[in-house]
1. Share of the stretch 218-342's accessible area from carbon and sulfur, percent, 1.4 Å?
2. What's the FRET efficiency of S90 with A303 using the Cβ-Cβ distance as r and R₀ = 35 Å, to the nearest 0.05?
3. Could you tell me the distance between the Cα centroids of the stretch 207-259 and the stretch 136-156, to the nearest Å?
4. Counting only DSSP beta bridges with both residues in the stretch 34-176, what percent are antiparallel, rounded to the nearest 5?
5. Measuring from label point to label point, each 7 Å out along Cα→Cβ, what is the A227 to K185 span in nm?
6. May I ask you to list the residues of the stretch 63-92 whose amide nitrogen lies under 19 Å from a point 7 Å from Cα along the Cα→beta-carbon direction of Q40?
7. Take R246, project a point 7 Å from its Cα along the Cβ direction, then tell me which residues of the stretch 120-141 have their backbone nitrogen under 18 Å from it.
8. Per residue, how big is the convex hull of the stretch 124-231 when only Cα atoms are used? Give it in Å³.
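The values are calculated or read from the model by the stated rules, or taken from the named source; none is laboratory data. Owing to the predicted nature of the structure, the values given are computational and were not obtained by experimental measurement. With ideal geometry, Cβ positions are generated from the backbone for all residues, glycine too; neighbour counts draw on all protein chains shown. Ligands, DNA and RNA are excluded from the accessible area calculation, which covers all protein heavy atoms including side chains. Shrake-Rupley method; radii C 1.70, N 1.55, O 1.52, S 1.80 Å.
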Amino acid sequence: MFNLFPVPLYKFFSFLMPLILFFSGSSYASLDYSDKLGNQDYTGLCEAYEDYFKIGAAVYSYELDDPRLVDFILKNFNSITPEWELKQSSLNPEEGVWNFDPMDKLADFARENNLQLRGHTLIWPVQDVWMLWTDETRATPVSKEVLFERMDEYIGVVMGRYGDVIHIWDVVNEPFHYDRWMRLKEDTDYFKIAGEEFVTKAFEFAAKYADEDDILMVNETFVEGNAAKTDNMFYCVKKWLKQGVRIDGIGTQGHMGTISTVPTDVNFKVIDKLVKRCKALGVKLEYTEVDMKIYENEAQRTAELPEWLEVWQINKYQKFFEALRRNKDTVIGATFWGLDDAHTVINYGAAADSPRDWPMLFDDNSIPKQNFYAVCDF
């Protein structure tokens with residue numbers, strides 16, 4: 001078949017960069033922070049944002065064994081999120097089996113260093129966990145009543161153990177569907193057993209064990225770029241709030257791309273719209289898993305980062321944080337899903353000899369990049 005676009009489409013954007021930057025209020029010169037590169041005596045990210053909101057990072061417990069990474073974390077982040085340790089498949093993989101040590105390690109680190117620790121996550125419906133099934137063969141699902149009993153017990157154990165240090169909980173993670181004809185993901189076993197009631201029950205149980213000042217959140221991904229999912233989420237949250245369900249905040253993960261992934265608005269008016277909808281419901285907004293890929297897939301990656309792509313990412317990061325700052329009355333935090341370019345899920349799967357991506361504000365050695373200084377230039 002004849003290929004109308006023999007060159008990858010994203011490369012055509014390179015010719016449009018000056019025009020795009022102009023309409024976003026920027027220019028190549030205004031986004032040049034190269035003179036600051038290599039500075040070891042920089043102001044940490046969380047200190048720069050201390051008057052706005054918490055700045056967090058997803059952390060694996062084993063990363064705390066590296067003194068260099070510990071110093072880096074404490075300099076730049078005042079909030080941490082367990083990368084995997086609090087998900088049920090890790091914490092409680094089988095009935096009666098608890099793997100507390102990795103999560104305890106993160107919790108103790110947060111306690112010792114006065115860090116906010118986010119509770120990610122209590123219920124993740126896409127996970128195939130033991131509480132859904134009658135026995136280890138996982139052939140027969142439990143009844144709705146049994147599922148709710150198990151959810152109540154599980155949430156009580158987790159919140160009871162970590163409630164002294166965790167005060168923001170992602171009660172349910174990624175329940176909503178991308179299409180308008182289906183509000184929630186109906187193909188998950190949680191939904192097949194209990195319908196949308198599994199969500200409201202999760203919040204009911206969490207509220208039972210939460211402190212009054214805790215923030216109970218529903219966390220979702222790719223909200224900004226999919227109007228159907230966004231509408232599904234706000235429709236359901238509004239309905240559940242009217243039913244008396246305690247939901248204190250909405251988490252939108254913030255996995256972004258430099259070229260084609262959301263949000264595409266260079267001034268991030270989409271955040272203003274999300275904030276407006278959150279205010280109407282009386283809930284907070286948090287960005288919980290921020291990263292910004294240069295490329296959409298590994299086939300597009302190159303050994304060297306093209307300047308125009310780097311500048312585009314610098315611009316998008318700057319505009320993204322500008323939008324968060326102007327909505328600081330509703331936005332309670334921004335957490336990166338990883339630490340630096342070497343410690344990010346986007347690069348974990350890449351082969352050692354293959355090109356990598358550059359999604360974070362810090363390079364492989366945890367040194368600030370130009371996009372870091374753009375984010376802190378205010």
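1. The value for the stretch 218-342 is 50 percent carbon and sulfur by accessible area.
2. Values: r = 35 Å, r/R0 = 1.00.
Efficiency for this residue pair is about 0.50.
3. First find each Cα centre; the distance between them is then 24 Å.
4. Percentage antiparallel, nearest 5: 15.
5. Each label point is offset 7 Å from its Cα along the Cβ direction, giving 2.4 nm.
6. Label zone hits: 66-76.
7. Of the residues in the stretch 120-141, 120, 122-123 have backbone N under 18 Å from the label point off R246.
8. Working: hull volume 11.8 nm³, N = 108.
Spread over its residues, the Cα hull of the stretch 124-231 gives 109 Å³ apiece.
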